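The values are calculated or read from the model by the stated rules, or taken from the named source; none is laboratory data. Predicted, not measured: the structure shown is a model, and the values here were computed from it. Heads up, the Cβs are rebuilt from the backbone with ideal geometry, glycines too, and the neighbour counts pull from every protein chain shown.
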Amino acid sequence: MRAFKLIGLLLLGMALGAGAGAALWYAPGAAATPASPLALGTTPLTAAPAPVVDAPAPDFSLPGLDGKTAALADLRGKIVILNFWATWCGPCREELPLLESIARTHASSLTVLAVETGDPADAVRAFTDALGLERVRILLDPSGGVGDLYLVRGLPTTFFIDETGMIRRIKIGTLDPAEMESILAQLGAAL
């Protein structure tokens, strides 16, 4: 009997919390406007574009394994393959050589950015050296912030971004060569 009361109170608390959250979310006049931004403290809230097909790719900059910082915005005018991976990910190990091959074959029309999600630079360097990656630009995301910005929930995840900065395809899981070439053909990647 006591367990039922505890469960009932827990469910009631969850329902009240959800209702209060919904009331705040849908409250009339609570939308952010330039005249009265909805803010925490004095910092206005701003939203990044959603990482979905046919939306602008959220901009970011990350340090590269080569010591240079890379910013997505600097790659406008080129197709970008943005791949999220980790050294412990078996499917990523299988996919990275394909990305290297694509980076070599399509060097004139695209850039491959491979964002490693959390391992130390020395471990990433040893891993990429063992795979012989030279054309894929390896970026380090030690905090996982860019992975969070792109709502990455599984590895590997790959975003195909066109020359205008729009996301045109998203692939969760390993890409095979035929699928990769099909996507690149749709994007107009030149050999």
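For this structure, a couple of remarks:
- Condition check for residue 164: β-branched (Val, Ile, Thr), in contact with a Lys or Arg (Cβ under 8 Å, 6 or more places away or on another chain) and assigned to a strand (DSSP E or B): no
- Taking (1) under 16 Å from the mean Cα position of the chain (by Cα); (2) hydrophobic (A, V, I, L, M, F, W, C); (3) closer than 11 Å to residue 115 by Cα in turn, residue 80 satisfies each apart from (3).
- Residue 171 passes every criterion in (1) touching a Ser or Thr at 6+ places or on another chain (Cβ under 6 Å); (2) in a strand (DSSP E or B); (3) within 16 Å of residue 78 (Cα to Cα) apart from (3).
- Residue 59 among the acidic types (Asp, Glu), at pLDDT below 95 and part of a loop (DSSP other than H, G, I, E, B): no
- Residue match in region 142-156 (condition: touching a Lys or Arg at 6+ places or on another chain (Cβ under 8 Å), of a type in the set (Ser, Thr, Tyr), within 25 Å of residue 76 (Cα to Cα) and touching a residue at least 12 places away in the same chain (Cβ under 8 Å)): no
- From the list 118, 77, 67, the one residue that fits, being surrounded by 13 or more Cβ atoms within 10 Å (Cβ to Cβ), outside any strand (DSSP E or B), on the phi > 0 side of the Ramachandran plot and out of contact with any strand residue (DSSP E or B) (no Cβ under 7 Å at 6 or more places or on another chain), is 118.
- Hits in region 80-112 (condition: surrounded by fewer than 13 Cβ atoms within 10 Å (Cβ to Cβ) and in a helix (DSSP H, G or I)): 90, 104
- Region 138-153 - residue that is more than 10 Å from the chain's Cα centre (by Cα) and at pLDDT 95 or above and, of those, surrounded by the most Cβ atoms within 10 Å (Cβ to Cβ): 139
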